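Structure first, then comments.
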Amino acid sequence: MSAPPTPSRPAVTEREARQVAEAAREQDWRKPSFAKELFLGRFRLDLIHPHPMPATEDAQRGEEFLAKLRDFCETKIDGALIEREARIPDAIIDGLKELGALGMKIDTKYGGLGLTQVYYNKALALVGSANPAVGALLSAHQSIGVPQPLKIFGTQEQKDTFLPRCARTDISAFLLTEPDVGSDPARLATSAVPDGDDYVLDGVKLWTTNGVVADLLVVMARVPKSEGHKGGITAFVVESSSEGVTVENRNAFMGLRGLENGVTRFHQVRVPAANRIGPEGAGLKIALTTLNTGRLSLPAMCVGAGKWCLKIAREWSAAREQWGKPVAFHEAVGSKISFIAATTFALEAVVDLSSQMADEDRNDIRIEAALAKLYGSEMAWLMADELVQIRGGRGFETAESLRARGERGVPAEQILRDLRINRIFEGSTEIMHLLIAREAVDAHLSVAGDLIDPDKSLTDKAKAGAQAGVFYAKWLPKLVAGPGQLPTSYNEFKREIDLSPHLRYVERTARKLARSTFYAMSRWQGRMETKQGFLGRIVDIGAELFAMSAACVRAELLRGNGDHGREAYQLADIFCRQSRIRVEELFGRLWANTDDLDRTVVKGVLSGTYEWLEEGIVDPSGDGPWIADATPGPSRRENVHRPIR
């Protein structure tokens, strides 16, 4: 029996798209969240201090693997070769399989290594420093590929079937994006039509990281609603060797040149119902829940990048002399080195703290992980840009060219290119701002959301008004005063270098942030969601406060362990001072900005008002559609899928 014809791409209004995204959110907060409380003006230091620590046996197992992985990275991974040939040699991937690196996060009972999130992230930072494309391959496989969604949502049969393969031999990929669908999954068009005991998949997926070499795929597809089928966007495990699966293109990018990223077409691909992950319609919720911890892999590799930038900046700036002294001692260069050192310390603090909280599972870290991704990707890019500037002309020159003329082959320009995608991967900076902002105002919408919902009745609005009155009568007075105004607060952080003023600042500023958010909601009400510039700045302030908190807590942990404690306090202190300057600037821009004028200019640009400004150039991009045709149907291109065996 042949499957019914594939439905066309759904027409979705803005409101419907928002409803789909809202339905995919985790609605409940069953565990405490440090970051959620921070956005509400409550500085819950007790949730992160004392700094949580891994169990002894977890640390021992993790350190043993890191030692093996370091040796492999130093002796087997030739980053220059991968960059030159734009491909990771099969021998490297085979070596990672033998090492067990494909199963770092998979439980030992399925043949994996069973590493904690902390050590998994340390491993990614290490591999990513050798070559970011190798780190991306391992991350895409385990952080968002088959292992993670099955770990959380899979049946026992699915775990028994697929996890041993993922742990040792099979590479996996995650397929959500389509040529015309990015961060707005409500328009997703790939279909999965029920047919007996199977589903029949049709559609095209874009930017399938690992898709070119993957053996197993997590595919998001839309099941049409019918008798006996709830329908909706649903997740499936698909064998890449299935008839009708074609990898039509291996994509090339400005960075991560070894990335096995492609375009995958599904034509009448039969997938057993047993391969469906969770119920029909739960696909987006599965994807978002998977990303709660999966997002931590990306800032982990940003930490590795920061450490490398610091190492190169230190060595180069000591060797390079200008006007009679090393360039490091010229203030213009020294300030950049200080920024790299302080930011690397803080970013590692954010990632380690978030990862350890994920391992302990006592806190809900959905906001913390999102903040780590947002902050890590933005700050790592800035650090790499500063390194290129410190290196001057050599920073712009390729490593291969440097080696060819007899100098050390420092790939500074490469790391800048490689890091650029992190501001887009797994939720662009702009989308992360909106996602975090939605979670940050969840408490407000829970009690007062009906007041600004145009679809609600007057009765519902009256009830919401009463609930909001009770909530705000208790909440608002607490934003007036707090421990941040007492000079003796947080004195356990008062050492030779005093970090307690920074924590008092975080507490005061958290209350100021909450007051600003409340004022904005009162002012704009239902239009609040359109004020993306304002919401982005609110989130960026929260990210800085989280980073300051993590840096201070980490410094105290290292001091208590006798592990570079004084130096850690120095780095935490300078980071907090730098961060406070950024926070004050962001607060100023909450209300003094060009957001309204920007919207006016945008309308003019799109209407052609300023088209005269584009005169005097030639456009080398040529002709062709802005978005490739993704009409379902049989593939007319060669299959470039190449499984590694």
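A compact table of results
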read-out	value
CD proxy at 222 nm, helix term only [per DSSP H run n ≥ 4: -39500 (n - 2.57); per residue of the chain; nearest 500]	-17000 deg cm²/dmol
Tail beyond 14 Å, pair distance distribution of segment 500-573 (Cα, percent)	66
Distance violations [Cα-Cα > 27 Å] among K336/K373; K122/K159; K336/K531; K285/K456; K36/K478; K373/K463	K336/K531; K373/K463
Equivalent-ellipsoid semi-axes of segment 141-223, from the Cα gyration tensor, Å, largest first	22, 17, 11
Neighbour count of at most 10 Cβ within 10 Å plus DSSP loop: longest chymotrypsin sites (Phe, Trp or Tyr not before Pro)-free window in the chain	1-322
Neighbour count of at most 12 Cβ within 10 Å plus DSSP loop: longest GluC sites (Glu not before Pro)-free window in the chain	1-226
Student exercise, the chain dipole from Lys, Arg, Asp, Glu Cβ charges, in Debye to nearest 20	1300
Length released on extending from K494 to A273, taking residue separation times 0.36 nm less the Cα-Cα span	73.6 nm
Å² of accessible area per residue within segment 140-207, as computed with a 1.4 Å probe and no ligands counted	31
Carbon and sulfur %, accessible surface of the chain computed with the full protein complex present, 1.4 Å	54
Gain upon complete extension [E638, F396; 0.36 nm per residue less C-alpha separation]	83.4 nm
From the coordinates shown, volume of the Cα convex hull per residue in Å³ corresponds to which of [x] 191; [y] 235; [z] 324	[x]
Inter-site label distance for R168 and S183 at 7 Å from Cα along Cβ, in nm	4.2
Amide H contacts under 5 Å for E178, placed H, 5+ residues apart	L206
Dimensionless Rg over Rh [segment 56-188; C-alpha; Kirkwood]	1.00
Length added when fully stretched, Q27-E57, from 0.36 nm per residue minus Cα-Cα	7.3 nm
Unit charges on C-beta of K, R, D, E only; dipole of segment 214-285, Debye	260
Label-point separation, I617 to R577 (7 Å along Cα→Cβ), nm	4.2
Net dipole in debye of segment 538-645 [+1 Lys, Arg Cβ; -1 Asp, Glu Cβ; about Cα centre; nearest 20]	720
Table column - 3J(HN,Hα) (Hz), segment 264-274, Karplus curve with 6.51, -1.76, 1.60, x for Gly and Pro	10, 10, 10, 10, 6, 7, 8, 10, x, 4, 5
Karplus (6.51, -1.76, 1.60) ³J(HN,Hα), θ = phi - 60°, over segment 142-159, in Hz, Gly and Pro reported as x	9, 7, 10, x, 4, x, 5, x, 5, 4, 8, 10, x, 6, 4, 5, 5, 4
Cleavage-rule hits, trypsin sites (Lys or Arg not before Pro), segment 236-313, DSSP coil, Cβ neighbours within 10 Å at most 10	none
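The values are calculated or read from the model by the stated rules, or taken from the named source; none is laboratory data. None of the values given here were measured: they were computed from a predicted structure. So basically every Cβ, Gly included, is an ideal-geometry build from the backbone, and we count neighbours across all protein chains shown. Calculation scope for accessible area: heavy atoms of the full protein, side chains included, ligands and nucleic acids excluded. Shrake-Rupley method; radii C 1.70, N 1.55, O 1.52, S 1.80 Å.
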